[in-house]
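Here the structure comes first, spelled out in structure tokens, and everything after it is commentary.
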Amino acid sequence: MFTFENFLFLLQGVPNTLAISFLSFALGFALGIPTALVKQFSPFGLGHVADAYISVMRGIPVLVIMLLFHFGMAGIIPVFKSAFLSATFALGLRSGAFQSQIFRGAINSVGRQQMMAATSLGMNRWQAFRHVILPQAFIVALPGLGSEIALLIKDSSYAFVLGVLELTKYSDIVRKATRSFLYPYLIAAILYIMITFPVANYLDRLGSRLKTKYGLR
Amino acid sequence: MKTAAPLDPISFIISFVTEYYPFIIEGFLTTVEMTFLGLAGGFVLGILSALGDVYGTKLMKVIIAGYVEFFRGSPLIVQLLFFYFSIPALTGLNWDAFTAGAVTLMLNSGAYQKGYFKGAIEAVFKDQLMAAKSLGMTFRQTLTHVVLPQALRIVIPPWTNEYVSLGLSTSALIVLGIRELTNISKSIAAQTFRPLEVYLFASAIYFLWITISMKIFDWIYEKVKIPGLEVNI
């Protein structure tokens, strides 16, 4: 029988799910902006490196990256002895590639004329980028970042395969303990929807509100 | 596999591939098979729910919105476990992991494809619907001769993204014990004690498969696209 106590037990998986998703989002953010800049300006011909990073991350399942880190590389990199950190780094690394695409799209959506206008006002290229292009690009990127967070929250469930005690793992434990085959996963699914929906929706609306406020396309 | 001295990575990969290649091929084919089953089922579900959402009644729209939100808002792993365990418990019907996995992939992909098809159907301009009507075409004729021929071309680029993401998500089928590429790699890694090389090799297979498929879809799109009608969905 599935009881209220089981539900409360299930909820204990939520903090780890949130921790994996938000830590990997932060890592992806830290990797995504430099990658977008490298791809945009290609200093020292590094653009191809960014290209390779993005297409490799786009072509491999994140679960395989997690397994590679946790089981394949724990001997070389001690951090990967932890299943939690392997999952977080795998998701973060992939998110960096995805977020760089979001930022690049956003940077390109800010017209080239603004760069010309800023440089004609005496700013150098970096100042123009930092003070004119980037703040606008960030607003344009908000909806994309919202769906990226939602994707990370959902894909944090792959950590279940490594045995991390997150929401999916807890629902699996409850299913085994109660032999209730319907509720544990259904409630887990509803909890995931309740977490992803507000986050993605909020950033989407914030994005369009700020776009209207600052008159961006 | 018993060897006296540990092999260097390259010779190890060669030796395990020669030893395990039937399993690797089986795993890869299962991955591809599941991807295409999911895409084909999702294609039908996606088109039907997109048409229902654009032209249907209010009740239909609510049901479709619920379906899409459930499958896009929750993780594929949870959906797989949910359907695999709950359907036998609810209906007494015994279904194997392969069927459960394929059906869940279809439902999941349908929810994503619905969004792409809806965007593509809406991209076919409203004036064209009026023009078709004024020529005396019925709704069904308009759909099959005016809307879908254009929408199915416009949808190819976003549809390629769905192919990529569904193809990579098939690795989630490991939770049902289906012997697809990731699961096979896990077994081989456990048997050979060389997870690094095995997973790198699996990554390379996935990467080549996805990259080549994307090139093929790009080529198809270039062949069939309508010049001048490039719409971003």
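The values are calculated or read from the model by the stated rules, or taken from the named source; none is laboratory data. Being a predicted model, the structure only gives us computed values, none of them experimental. All Cβ positions, glycine included, derive from the backbone under ideal geometry; neighbour counts span all protein chains shown. Heavy atoms of the whole protein, side chains included, go into the accessibility calculation; ligands, DNA and RNA do not. Shrake-Rupley method; radii C 1.70, N 1.55, O 1.52, S 1.80 Å.
Numerical summary
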item: Any chance B:Thr30 is within 23 Å of B:Asn183 (Cα to Cα) and either of a type outside the set (A, V, I, L, M, F, W, C) or surrounded by fewer than 20 Cβ atoms within 10 Å (Cβ to Cβ) (or both); result: yes
item: Filtered residue count, the stretch B:86-124, keeping only those that are open to solvent by less than 20 Å² (accessible area, probe 1.4 Å), among the hydroxyl-bearing types (Ser, Thr, Tyr) and closer than 24 Å to A:Val174 by Cβ; result: 2
item: Total residues in the stretch A:1-48, condition of a type in the set (Val, Ile, Thr), open to solvent by 30 Å² or more (accessible area, probe 1.4 Å) and assigned to a helix (DSSP H, G or I); result: 2
item: Qualifying residues in the stretch B:178-233 (those that are away from every other protein chain (no Cβ under 12 Å) and of a type in the set (Lys, Arg)) - the one least open to solvent (accessible area, probe 1.4 Å); result: B:Lys225
item: Leading residue by the ranking (nearest to B:Ala172 (Cα to Cα)) among those in the stretch A:49-103 that are charged (D, E, K, R) and surrounded by fewer than 18 Cβ atoms within 10 Å (Cβ to Cβ); result: A:Lys81
item: Close pairs (8 angstrom Cβ cut-off, 6 or more residues apart or separate chains): free of Cβ contacts under 8 Å to residues at least 12 places away in the same chain in the stretch A:144-168, surrounded by 23 or more Cβ atoms within 10 Å (Cβ to Cβ) and part of a helix (DSSP H, G or I) anywhere; result: none
item: Contacts under 6 angstrom Cβ, first residue in the stretch A:185-208 being at negative phi, partner open to solvent by 30 Å² or more (accessible area, probe 1.4 Å) and in a helix (DSSP H, G or I), 6 or more apart; result: A:Ala200/A:Ser147; A:Asp204/A:Pro143; A:Gly207/A:Pro143
item: Among (1) surrounded by fewer than 20 Cβ atoms within 10 Å (Cβ to Cβ); (2) more than 13 Å from every other protein chain (Cβ to nearest Cβ), the one test that B:Glu69 misses; result: (2)
item: Hits in the stretch A:104-130 (condition: within 25 Å of the chain's Cα centre (by Cα) and surrounded by fewer than 18 Cβ atoms within 10 Å (Cβ to Cβ)); result: A:Gly105, A:Asn108, A:Ser109, A:Arg130
item: Segments classed as helices (runs of 4 or more DSSP H), wholly inside the stretch B:136-190, with at least 1 members that are closer than 20 Å to B:Leu37 by Cα; result: B:148-154, B:156-169
item: Residue satisfying all of: in the stretch A:156-213; within 11 Å of another protein chain (Cβ to nearest Cβ), farther than 25 Å from A:Gly146 by Cα and outside any helix (DSSP H, G or I); least open to solvent (accessible area, probe 1.4 Å) among these; result: A:Ser180
item: Residue among A:Gly144, A:Gly105 that is part of a helix (DSSP H, G or I), within 11 Å of another protein chain (Cβ to nearest Cβ) and over 30 Å from B:Gln191 (Cα atoms); result: A:Gly105
item: So B:Thr170, is it in contact with a Pro (Cβ under 9 Å, 6 or more places away or on another chain), of a type in the set (S, T, N, Q) and buried (at least 17 other Cβ atoms within 10 Å of the Cβ); result: yes
